[in-house]
1. Identify the residue in the range 44-89 that is in contact with a strand residue (DSSP E or B) (Cβ under 9 Å, 6 or more places away or on another chain) and of a type in the set (D, E, K, R) and, among all such residues, is most open to solvent (accessible area, probe 1.4 Å).
2. Among the residues of the range 145-167, what is the count of those that are in a helix (DSSP H, G or I) and either in contact with a Lys or Arg (Cβ under 9 Å, 6 or more places away or on another chain) or at pLDDT below 85 (or both)?
3. Considering only residues that are among the aliphatic types (A, V, I, L, M), modelled with pLDDT under 80 and either under 12 Å from the mean Cα position of the chain (by Cα) or more than 12 Å from TRP47 (Cβ to Cβ) (or both), which ones fall in the range 78-110?
4. Would you say PRO135 is under 28 Å from ALA27 (Cα atoms), at pLDDT 80 or above and assigned to a loop (DSSP other than H, G, I, E, B)?
5. Could you please give the count of residues in the range 1-27 that are open to solvent by less than 50 Å² (accessible area, probe 1.4 Å), modelled with pLDDT of 85 or more and in contact with a helix residue (DSSP H, G or I) (Cβ under 9 Å, 6 or more places away or on another chain)?
Amino acid sequence: MPHGYYGYPFNAMQQCLATNDVLVVYANPRGSSSYGRTFAEQVIRDWSGEDYLDLMAVVDAAVQQPFVDAARLGIWDYSYGGYMTARTIGQTDRFRAAVCGAPCFDLTSMYGTSDIGHVFGDLQWGCEVEFARYPGGSHLFMSVGFPEHRADVLGRVLTWFKEHLGDPA
């Protein structure tokens, strides 16, 4: 969960790595609960947005140190950190090795099926959505698809905007 508490408790993975000649950089990214509610809520509906930038800034600072080999960077974390690890290696190739512990790779399938509970998704991502399927429709169905499908999507988009944007001032 992005709102974990980052502090001084024993962390077996960090200790294992550090006692085996691996330099461990431990950051306290935006979203953790260790700096209060406002700091923790900054990742709601922004998973791997600003917190990703925070973490990359920490890596940027670390590689400036003379004892850090920028060609030998690894990344690991668990749960939300595993999700962040997966997202990070999908956005940059600066890490030579990565381990994603207990991540969620698909937020859609996580919703309502994880061991965290169904309320979590509403809090973290919960925005209103509507799904419409157009059988036999291709990527270009709005131009060359069945007329009833084209009419339906036009109506849906117009209705969506009218309902969510309100009338003009």
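1. ARG72
2. Selection size over the range 145-167: 11.
3. Correct list: ALA102, LEU107.
4. No; evaluated as a whole, the condition is false for this residue.
5. 1
The values are calculated or read from the model by the stated rules, or taken from the named source; none is laboratory data. If you're wondering where the values come from, they're calculated on a predicted model, not measured in any experiment. Virtual Cβ from ideal backbone geometry, glycine too; neighbours counted across all protein chains shown. Please note that ligands, DNA and RNA were not included when accessible areas were found on the heavy atoms of the full protein model with its side chains. Shrake-Rupley method; radii C 1.70, N 1.55, O 1.52, S 1.80 Å.
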